[in-house]
Structures are given as structure tokens and as C-alpha cells.
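Data block below; observations after.
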Amino acid sequence: MKASRTLVSFAVAAALGSLGSNAIAGGFAIGTQSGSGTGNAFAGGAAAADDASVAWYNPAGMTLLPAGRQAAAALHILKPSFKFQNTGSTGAFAAPGTGEGGDGGDWAFVPNAFFTTDINPRLRFGLALNAPFGLKTEYDNGWRGQLTALKSEVKSVNINPSIAYKVNDAVSIGAGVSVQKIDAELTNFAGAAGIANVSADDVGYGFNVGVMIQAAPGTRIGAHYRSTIKYDLEGTATFSGAPAGNSSVRADLKVPDSASISLFHQLDPRWELMGDITWTGWSSVQQLAVIRTSGPLAGTTLTTLAFRWKDTWRFGIGANYKMNDQTKIRFGVAFDETPTNDVDRTSRLPDQDRTWVAVGVQHRVSKAGVLDLGYAHEFIRDASINTTAAPLTCPPHCLTGKFENKADIFSIQYSHSF
């Protein structure tokens, strides 16, 4: 019985080493939430009001859109790359197995959709449908670090209705609520217990508020806050080689709040400049206690996992050049901090600081229709790890090495006014 408990503890602790995978932004956030923003590296998002995607970035900006209704739909094609290089793993991780895991990144396709409409000349309604958190890492079966991670997949779906009110010609305010569902599936090799699989999900609720200020002709300032969302995850833990250890589990998770301030300036008839600073409260993710909810040990803590994440900052600047009445060229750069650290980082989330370089083009295809194309490359610092899988300890059992990381983002968006 004691051996069985050890196997189950080992498997679940390893499988839940992180409730996220690298998602083209700090932590496990997805940074791509509009096709028009990609070309500017999402700089100035809370002050830009190009299309209906402003309903997500700052609902107050909906009052700056033309009268009537606007809709926008975007698709982002993401290709992160995470390649492990061993630099001296020991104990259970010393043997190379089938290799270093291959490329832990994988193609992902992330859609967004947005809608805004007039209620009256001062009041607007908006709706955002998007995926704020998620993506995936997956390593080859049998790789050196299979005790820590094989597959980590997190998906989210968010529905965010909002309203905006134009106080006067200089000030608008906005607010919304979010209904967000999150699903996680995590696997790893657990020795005699076989493949461990943990699946859990929940629905959480949050809010967002924003303000838009027309500081001067051609210059506006936007500020936006998005609340934390708390999840009471429920699911199952299963083990292919030890089905007696299968059980229901639960865990509490709080995704972070964020606040941003953005500037947009019309320099002249052809050039637009923008910038932003965004704070994200990743320190809400400190640890994850996994609780059994079935079987003879129901109510006991299976394992407690340490994250010790820190709050982060993101800085972005961008520019648009209007070639003519139909075409606009976009540019942008950004620096995005990681919440992780060299002590607690795991192979499930080999995240590090990243620098964005982006370019895009907007073309008006008709009086009512606008097409946006964007591309961004992320230069990501090598992410060192020196980790293990409970109940093993490091030392002597250490997975030691670094991940060579990078990411590419391709975006397409169509916006329509009617």
C-alpha cells in the first residue's frame, strides 16, 4: 500500500508540475488577441481603437469607433520552439533514454472574434470571444526528462460582454464581465505506474474596467484593468500501469490580474505612434495544492507544488505609416518579462524573458471591409532548469540543462462595418 501511494504521489506531482504551457507571452498567457495588433507587437493596445477588438483591450475605446456596428474575426498561427540541451543531469535523469525530447513546441491555431454596436449616441455594447490562456508543450516518449513531463496542454475560452459610455468629448469609460472556461491535460511517465494523466477543468468569472482620455487633438491615453479569475479545478488522475491509484482530484488556481496604460499619438497625416506599459500579477501563482476527492484517502493532500512566480512588466512601442487611403504599414517591438525563475522552472513551462519584433499591413478591401496581416518573431532567452520529480529530490536526481527557445506568430484579421 505504501509503495502504491508513493507511485501515485510521484506521478501526480510530476504531472502537475505546471498548469500551463508556454503561450507566446509571459507565463501561460496568450499574448495574441487581435490580428490588427500583431503588426505593432500589441503596443498601445489600451489606446488604439482601430476595430472591434478594442472591446477586449479597453472597452472605453468603443466610443471612438464609427457609428453603427463593427465585427472582426482573427486567426493566429503560432509556432513556438523549445529544444532541451542536457548540461549534466544526474541520478534518474542521467540516462539519455530516447534523447532530449525533440522540439517541445507545436503548431497552434488561436481564433478571436469581436463585435460592437451603438445603443445610443453615447452608449456602446461590445462582445469579445477569445482564448486568454493556453497552448501546449509535448516531448518525445522516453526522453531523458519523461518523469517530469510528456504532454502539457491548457485551453481556455472566454466570453467578455462590455459597455462603454462617452462622458464628454474628452473622456469615455467602459466596463465588462468575463465568463472563462479552462481545461488542462497533463501527462508524464511514472515508472511502474505507467503513463500518468491528469485532466481538470472549471469555469470562472472576472471583470474589466477602462478609461479613454483625449488629452489633445491627435493624442489619447488609455488605461485598462482586468481582474483575477479564481478556478476550483476538478478532474481525474489516472495511471496506465496502476489503475488502483486512479482518483478524482481538485486544485485551486487563480489566473492573474493585469493593468496597462497606453499612449496613441497622430504625429502627422501619415505617421501614428503608440506605446504601452503592462503589469501582470503573476505572483498570484505561488503554489498548487492537489487534493484527493475520492477513494480511501479522500480529503488528503496528494501533493503541493511550488511555483513562486513574480509579477511582470511588458513594454511596447509601435508605429503605423499610412501609404495611402487604402494601405497602412505597421511596426512594433516589445519586451515581455517571464514570471518564472531559475530555481523553480520546469520542463512543462520553459519560459524566459522575450523580445518581440513585429511588422504588419492593413489594407482596405472595400468601403466596409478591412484586412490585416501581421507577423511577429519572439527572441526568447535560453531557459535553464535544474529540477526533479517528487518524491525524488535534487540532488541527487536532477534534470539539468537549458532550453533554446523562440516563437513565430502569423495573424490574419478581417473587420467589417455595417
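No lab work stands behind these numbers, since they all come straight from the coordinates. As the structure is a computational prediction, the values presented were derived from the model and not from experiment. As a convention, Cβ positions derive from the backbone with ideal geometry for all residues, glycine included, and neighbour counts pool all protein chains shown.
For the chain, give the share of DSSP beta bridges that are antiparallel, in percent and rounded to the nearest 5; count only bridges with both residues there. In the chain, approximately 100 percent of DSSP beta bridges are antiparallel ones.
For the chain, the 222 nm mean residue ellipticity estimated from helices alone, with every DSSP H stretch of n ≥ 4 adding -39500 (n - 2.57) and the total spread over all residues, rounds to -1500 deg cm²/dmol. Springs join every pair of Cα atoms under 10 Å in this Gaussian network model of the chain, and among 164, 223, 94 the largest mean-square fluctuation is at 94. Mean separation of Cα pairs under 8 Å and 6 or more residues apart, divided by the residue count, gives the chain a relative contact order of 21 percent. At the listed q of 0.07, 0.08, 0.11, 0.13 Å⁻¹, the Debye profile of the chain, built from one uniform point per Cα, gives log10 I(q)/I(0) equal to -0.35, -0.46, -0.80, -1.03. In order along the range 224-235, the phi-based Karplus estimate (6.51 cos²θ - 1.76 cosθ + 1.60, θ = phi - 60°) of 3J(HN,Hα) comes to 8, 10, 10, 7, 5, 10, 9, 10, 9, 5, 10, x Hz; Gly and Pro are listed as x. Of all aspartates and glutamates in the structure, the ones whose alpha carbon falls short of 12 Å from that of residue 79, not counting any fewer than 8 places away in one chain, are 103, 106, 378, 408.
Taking residue 310 as the anchor, which lysines have their alpha carbon closer than 21 Å to its alpha carbon, excluding any fewer than eight residues away along the same chain? Candidates past the 8-residue exclusion: 230, 254, 402. Annotation: the residues 355, 340, 117, sorted from fewest to most other C-beta atoms within 10 Å of their own C-beta, follow the order 355, 117, 340. For the chain, the residue among 143, 222, 187 whose Cα projects farthest onto the positive side of the dipole built from Cβ charges is 222. Out of 222, 68, 37, any idea which swings most in a Gaussian network model of the chain, alpha carbons joined below 10 Å? Sorting by GNM fluctuation, first place goes to 68. Amide H to amide H, with H built 1.01 Å from N, residue 249 comes under 5 Å of 235, 236, 237, 293, counting only residues 5 or more places away or on other chains. The angle between the Cα long axis of helix 2-15 and the longest principal axis of the Cα atoms of the chain comes to about 20 degrees, rounded to the nearest 10. When you filter the trypsin sites (Lys or Arg not before Pro) in the range 332-415 for DSSP loop state and at most 15 other Cβ atoms inside 10 Å of their Cβ, you are left with 367, 381.
Charge dipole (Cα centre; +1 on Lys/Arg Cβ, -1 on Asp/Glu Cβ; no other charges) of the chain amounts to roughly 320 debye. When each of 115, 93 is scored by the number of other beta-carbon atoms lying within 10 Å, the sequence from fewest to most is 115, 93.
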